[in-house]
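The values are calculated or read from the model by the stated rules, or taken from the named source; none is laboratory data. Predicted, not measured: the structure shown is a model, and the values here were computed from it. Every residue, glycine among them, receives a Cβ derived from its backbone with ideal geometry; neighbour counts consider all protein chains shown. For accessibility, only protein heavy atoms count, side chains too; no ligands or nucleic acids. Shrake-Rupley method; radii C 1.70, N 1.55, O 1.52, S 1.80 Å.
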Amino acid sequence: MRTFGLVGKDIDYSFSRNYFSKKFSIKNIDARYINFDLESIDQFPEIFKTTEVSGLNVTIPYKEKVIPFLDHLDSEAQKIGAVNTIKISENGELTGYNTDHFGFKKALENHLESFHSSALILGTGGASKAVAYALDKLSVPYQFISRNSSENTLSYSELSIEVISSNKLVINTTPLGTSPETERYPDIPLEGISGQHIIFDLIYNPEETKLMKLASELGAKTLNGYRMLELQAEKSWSIWNS
């Protein structure tokens, strides 16, 4: 039996474990998918001392922190600066890939209209880097929103109704709103949201976040992260088996 798994912290909710376990059962694949819940990324090497692993996914908060432990990086993962998929060779070498950008791009592109000509990315973590890479591929300029302003990054306090109004695509890459803290959402001026907006919240649990609900009430199209996760998971599976 082959073993695959997810590396992260506080990941009992794990989309990946449920998704792959169901996939293995339906397709009668002799494999299992388990969680490697690490308190610190320093525990990462211990995985290989106790388990023979065929492939790994990586989630918050280790998509960037895992990179120093890898032997190689795929060119796209290197450009993005974040890894969510690790392929393990027969000699034990670890190669990092990023399939988040693929999943995000495929989940979004059919919803884009001509007026979705610029975007705001809420958050600056590992997921935001994959989103930015995908938007570059789609030729959609973007600006990051974070707690502190810097080059190409506005702070939330600088985010005006006008800025929201003029950027018809808003992507939440922060964990704000994830179950069980479902009443939380990024502090943005919702008054700027219109019927032309797409609000893409990468969260999938709950299915509709508070941000999505409030934006939907203002006429915006809303998307959650579930389809993106399905697409990136299948891309991971193809990498592990290539």
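When SER139, SER236 are checked against the criterion of being open to solvent by 10 Å² or more (accessible area, probe 1.4 Å), of a type in the set (Ser, Thr, Tyr) and either at pLDDT 95 or above or in a loop (DSSP other than H, G, I, E, B) (or both), a single residue qualifies: SER139.
Let's see how each residue does on (1) among the β-branched types (Val, Ile, Thr); (2) under 11 Å from ALA130 (Cα atoms); (3) open to solvent by less than 70 Å² (accessible area, probe 1.4 Å):
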| residue | (1), (2), (3) |
| --- | --- |
| PRO61 | no, no, yes |
| GLU76 | no, yes, yes |
| GLU93 | no, no, no |
| ASN98 | no, yes, yes |
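Scanning the range 57-87 for residues that are modelled with pLDDT of 95 or more, among the β-branched types (Val, Ile, Thr) and assigned to a loop (DSSP other than H, G, I, E, B) yields a count of 2. A count restricted to the range 142-167 and to residues that are of a type in the set (A, V, I, L, M) and either in contact with a Lys or Arg (Cβ under 6 Å, 6 or more places away or on another chain) or open to solvent by 20 Å² or more (accessible area, probe 1.4 Å) (or both) stands at 3. How about the range 11-29: which of its residues are in contact with a strand residue (DSSP E or B) (Cβ under 7 Å, 6 or more places away or on another chain) and open to solvent by 20 Å² or more (accessible area, probe 1.4 Å)? Once the filter is applied, which keeps residues that are in contact with a strand residue (DSSP E or B) (Cβ under 7 Å, 6 or more places away or on another chain) and open to solvent by 20 Å² or more (accessible area, probe 1.4 Å), the range 11-29 yields ARG17, SER21. With respect to (1) over 30 Å from LEU169 (Cα atoms); (2) part of a helix (DSSP H, G or I); (3) open to solvent by 30 Å² or more (accessible area, probe 1.4 Å); (4) not hydroxyl-bearing (Ser, Thr, Tyr), the lone exception for PHE102 is condition (1).
The residue that is farthest from ILE11 (Cα to Cα), counting only those in the range 24-56 that are assigned to a helix (DSSP H, G or I) and in contact (Cβ under 8 Å) with a residue 40 or more places away in the chain, is PHE48. Here GLU90 fulfils each of the conditions (1) more than 24 Å from LYS22 (Cα to Cα); (2) touching a residue at least 40 places away in the same chain (Cβ under 8 Å); (3) part of a loop (DSSP other than H, G, I, E, B) apart from (2). Considering the conditions (1) open to solvent by 30 Å² or more (accessible area, probe 1.4 Å); (2) of a type in the set (S, T, N, Q); (3) closer than 19 Å to LEU70 by Cβ, THR3 is excluded by exactly one of them, (1).
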